[in-house]
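Have a look at the structure below before the remarks.
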Amino acid sequence: MKPTTQLSYLVAVIACSLLLGGCGGSGDEVTEPVPEQIYPDYTDVTALGGDTTTFDASASGHGFSTPAPNLNAPGLAQHLAGDVNFETAFTTAPNSEHPDLDGLGPVFNNADCNSCHQRDGRNSTPIVPVGKARIKLGSDAGIFLRISKAPNQPCVTGTAANNYCAPIPVPNFGGQLFHRGVLKARADWEQNLFGGQADVYLSYETKVVSYPDGSQVTLKKPLFAVENPFDAPGETKQSSNLTSNLLQDDVLMGWRNGMPVFGLGLLEAIPEADILALVDENDTNGDKISGRANYVFDAVKAQKGDTHPVSLGRFGWKANTPSVRVQSLGALRGDIGITNPLFPDESIAGTSMHDSYLTRTGFVDSGSDEHGAPEASAAFSDDVVFYAETLAVPARRNSGNADVREGARLFELVNCSGCHQPRFVTKSTGEIGGKPMAEALKGQTIYPFSDMLLHDMGDELADGRPDFLANGNEWRTRPLWGIGLTQTVNPQAGFLHDGRAATIEEAILWHGGEAQTSTDKFMALSVTERTQLIDFVMSL
């Protein structure tokens, strides 16, 4: 797919040479004009989020944490309330002194939203110290594992009969692996004091990529090992006679990095027709890019009684959630273990681990508060969703720099914009996530640099795990806005779905599949040109 941007052309006017008279004279040599460089029309754009853009984030570690400046007074008040909720750290139930904070777990990945989205950006990439082969993921890990059973055949069309092509939960575990737990979460808690469903270990392997000009870059790839599952303590994949449901050969695991949370309401406000207009599943234009839409189960529609609760997927690494509401409240219940009005059941409800925990401890931790309602109130839930919908988009920096402008031309030349679609206009009416859309999000011209579609990114980035209509090689195009501030906000943040890339250059070099042609063109550029293209991306 080619982007819908229109390039500005400057018509060169060539003056005719004058004939010189005189004996033995000859005409002056005709000099051809130097062609004017053609720059994409987004080259000089700075307000990437329209009126929601903040221009005060350049050097700030809190550059992703500003409320949209065009929020009205009630909207700002709700946003600030949601900010408090986003950073709330929950505790084990029961907490008689602070019942509004209890309900953590009993298994979880982190105790608050901010730990996976540090300062509203990406989480820290775990480091394996020199001299150690691997590390065990603990309380500082913002990465987690999606798990599911391998389907017998690809799911093509979602229906109620096939659970809308949703991933198949692992029996007695579910769809996400929780590596942490509250005290006594496991029956063998004396040996695993705060253990979760299983232990997760991280190591890295490296490879060297060589450019045609001879320069080299070393890339690292994370490798994960899952051991000591609660249903078979001590087992590993190398054990003989495996009994754990989690360690069977047909269990698929996909590693996920916490994403930035700013600008999400704008992405949800993009008209669905504008996204679908970019779909080119059969590559009819021959550019080797075949964007596909993911259609996913929509818990908001299901709660309202919709007979076909399916919507266009917009969020998550595989576009596997339809709205900020589903994404946020699903993470509140999933990552932290806090039930809420949209997801009122514990993430591991009905499993032997949860049943054993309740029996052994006598705790009332079945997902309800002291009044029998979900642990997070409707007001708490609405505010935290609104917060994620209305965080400002940081403005571009250095857009007038000559190298940055040249980088914009090269970005277009190698067809990065084939997937990283620059421009959309948000809708002016309607709802998002089943609720009225904030006025601040309406009718905004935005530059997220994403087509919001799925693309096959090649075998080296593949996790092999289907997610609704997305196959194991496909990933949603990540928006690039704000990417240049990623490591200003969190110096330890990495890029791509598992944080493997420490730099934008490394991220580009991992691109394969539909992006392979663009990667090859990038590698063929000179050192100066590659730097200019990266400078442009870092300006976003």
Which is over 30 Å from THR92 (Cα atoms), in contact (Cβ under 8 Å) with a residue 40 or more places away in the chain and assigned to a loop (DSSP other than H, G, I, E, B), of PRO233, PRO129, PRO151, PRO222?
-> PRO151
Within region 340-367, tally of residues that are closer than 30 Å to GLN78 by Cα and in contact with a strand residue (DSSP E or B) (Cβ under 7 Å, 6 or more places away or on another chain) | 5
Return the only residue of ASN294, ASN257 being over 25 Å from PHE64 (Cβ atoms), crowded, with 21+ Cβ neighbours inside 10 Å and either modelled with pLDDT of 95 or more or out of contact with any Lys or Arg (no Cβ under 6 Å at 6 or more places or on another chain) (or both).
-> ASN294
Those residues of region 40-95 which are among the aromatic types (Phe, Trp, Tyr) and either assigned to a loop (DSSP other than H, G, I, E, B) or over 20 Å from PRO479 (Cβ atoms) (or both) amount to TYR42, PHE55, PHE64, PHE90
Would you check if ALA141 is touching a helix residue (DSSP H, G or I) at 6+ places or on another chain (Cβ under 8 Å), within 30 Å of ALA185 (Cβ to Cβ) and part of a loop (DSSP other than H, G, I, E, B)?
-> no
Out of region 229-244, which residues are of a type outside the set (A, V, I, L, M, F, W, C), surrounded by fewer than 19 Cβ atoms within 10 Å (Cβ to Cβ) and either more than 28 Å from ALA187 (Cβ to Cβ) or modelled with pLDDT of 95 or more (or both)?
-> PRO233, GLY234, THR236, LYS237, GLN238, SER239, THR243
Any pair with Cβ under 9 angstrom, 6 or more apart, that starts in region 161-172 at a residue that is surrounded by fewer than 18 Cβ atoms within 10 Å (Cβ to Cβ) and ends at one that is of a type in the set (Phe, Trp, Tyr) | ASN163/PHE297; ALA166/PHE297; ALA166/PHE468
Do you know which residues across region 484-499 are within 24 Å of THR206 (Cα to Cα) and either touching a helix residue (DSSP H, G or I) at 6+ places or on another chain (Cβ under 7 Å) or part of a helix (DSSP H, G or I) (or both)?
-> THR486, GLN487, ASN490, ALA493, PHE495, LEU496
For region 325-339, does any single residue satisfy the condition of being free of Cβ contacts under 8 Å to residues at least 24 places away in the same chain, under 30 Å from LEU101 (Cα atoms) and either out of contact with any strand residue (DSSP E or B) (no Cβ under 9 Å at 6 or more places or on another chain) or buried (at least 21 other Cβ atoms within 10 Å of the Cβ) (or both)?
-> yes
Checked pairs for region 422-435, first surrounded by fewer than 19 Cβ atoms within 10 Å (Cβ to Cβ), second in a strand (DSSP E or B), C-beta under 6 Å and 6 or more apart or across chains, list as VAL425/THR445
Might you check whether a residue that is at pLDDT 90 or above and either in contact with a Cys (Cβ under 7 Å, 6 or more places away or on another chain) or on the phi > 0 side of the Ramachandran plot (or both) occurs anywhere in region 34-50?
-> yes
Taking region 102-126, which residues are part of a loop (DSSP other than H, G, I, E, B) and of a type in the set (D, E, K, R)?
-> ASP112, ARG122
Close pairs from region 274-300: first part of a strand (DSSP E or B), partner among the acidic types (Asp, Glu), Cβ under 6 Å, at least 6 apart | ARG292/GLU281
Of all residues in region 236-266, count the ones that are outside any loop (DSSP other than H, G, I, E, B) and not aliphatic (A, V, I, L, M).
-> 4
Of the candidates ALA388, ALA376, ALA349, the one satisfying the condition of being in a helix (DSSP H, G or I) and under 31 Å from the mean Cα position of the chain (by Cα) is ALA388
Region 479-515 - residue that is closer than 23 Å to VAL404 by Cβ, free of Cβ contacts under 8 Å to residues at least 60 places away in the same chain and not hydrophobic (A, V, I, L, M, F, W, C) and, of those, surrounded by the fewest Cβ atoms within 10 Å (Cβ to Cβ) | PRO491
Answer yes if at least one residue in region 521-538 is of a type in the set (Gly, Ala, Ser), touching a residue at least 24 places away in the same chain (Cβ under 8 Å) and buried (at least 20 other Cβ atoms within 10 Å of the Cβ), and no otherwise.
-> no
In region 353-378, which residue that is surrounded by 13 or more Cβ atoms within 10 Å (Cβ to Cβ) and among the small types (Gly, Ala, Ser) is farthest from ALA187 (Cα to Cα)?
-> SER377
Quick one: which residue in SER450, SER417, SER381 is crowded, with 20+ Cβ neighbours inside 10 Å, within 17 Å of the chain's Cα centre (by Cα) and polar (S, T, N, Q)?
-> SER450
Leading residue by the ranking (nearest to the chain's Cα centre (by Cα)) among those in region 396-409 that are surrounded by 20 or more Cβ atoms within 10 Å (Cβ to Cβ) and hydrophobic (A, V, I, L, M, F, W, C) | ALA408
Scanning region 184-206 for residues that are surrounded by 15 or more Cβ atoms within 10 Å (Cβ to Cβ) and part of a loop (DSSP other than H, G, I, E, B) gives LYS184, ALA185, ARG186, ALA187, TRP189, ASN192, PHE194, GLY196, GLN197, ALA198
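The values are calculated or read from the model by the stated rules, or taken from the named source; none is laboratory data. Being a predicted model, the structure only gives us computed values, none of them experimental. A quick note on method: Cβ atoms are made from the backbone with ideal geometry, for glycine too, and the neighbour counts reach across all protein chains shown.
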